[in-house]
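Accompanying notes for the structure given below.
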Amino acid sequence: MFLLERLESQVATGTGVPRTRKVLVDKDAVLDLIDQLRAAVPEEIHAAKRINAESERILEKANDDAARITARAQEQATFLIGERGLTEAAQAEGRQIIADAHETADGVRLGADAYAAQILSTLESEVRKALAGIEKGIGVLEARRAELEPDVPMDPDADARDLAEWPAAADGAPAFLSEEDAGQTIPR
């Protein structure tokens, strides 16, 4: 977000072209910010890996809890059989405790999976928003460059490269054409 704010600041503080709404920006500074944004995206991927590791740890703990509860249930069943001689009641009690333990373990696993899915979904949404902001910024800069330098041809392979790197981006219209702004740009 900090890098996007710096990119926005570069555009907002650029030198205005008289009698137009165009702004001149420092090309090197803007390209440097874009490079920094590209480098920042992998951190989000590292965060997703940490979340996956955390969910695996939670699942392991749930399995350990289930094993401990099962062992305790078996001990209680053995105690009831030996102590009271009520074999059928003890077996039923043991089965019920084991069933409860499995149910508890399954609930913990489901909760951990739901938590991991929610975090990953949120992370995916944030990464997509960041990508949309970057694509929008690149589109605006290319459009401005085209307006300022009409003889310079646009790179026709640029979109193909981006779409290949981000498969979900190929599903619809380019992100810079959508109405969602997410506060990434300055009002026009």
Fewest-first ranking of 55, 125, using other Cβ atoms within 10 Å as the exposure measure: 125, 55
In nm, to one decimal, how far is the residue 95 label point from the residue 34 one, both placed 7 Å along Cα→Cβ? 6.9
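Test of understanding: what is the full-extension gain from residue 126 to residue 50, defined as 0.36 nm times their sequence separation minus their Cα-Cα distance?
Details: separation 76, 0.36 × 76 = 27.36 nm, distance 1.63 nm.
Additional length available on full extension: 25.7 nm.
Ranked highest first by average number of other Cβ atoms within 10 Å, how do 141-148, 43-50 line up? Please list the in-between numbers first.
Working: 141-148: 13.9, 43-50: 11.4.
Result, highest mean first: 141-148, 43-50.
Based on the mean of other beta carbon atoms within 10 Å per residue, what is the order of 28-40, 8-20, most packed first?
28-40, 8-20
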Please work out how much length the chain gains when fully extended from residue 6 to residue 72, using 0.36 nm per residue of separation minus the C-alpha to C-alpha distance, in nm with one decimal. 17.8 nm
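At a Förster radius of 35 Å, what calculated FRET efficiency corresponds to the Cβ-Cβ distance of residue 109 and residue 88, to the nearest 0.05?
Working: r = 31 Å, r/R0 = 0.90.
It comes to 0.65.
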Could you give me the ³J(HN,Hα) list for segment 62-78, computed from phi with Karplus coefficients 6.51, -1.76, 1.60 and θ = phi - 60°, whole Hz, x at Gly and Pro? 5, 5, 4, 4, 5, 5, 5, 5, 5, 4, 5, 5, 5, 4, 5, 5, 4
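Each value in this text was obtained by applying a stated rule to the coordinates, not by laboratory testing. Computed from a predicted structure; not experimentally measured. Note that we place each Cβ from the backbone using ideal geometry, even for glycine, and neighbour counts take in every protein chain shown.
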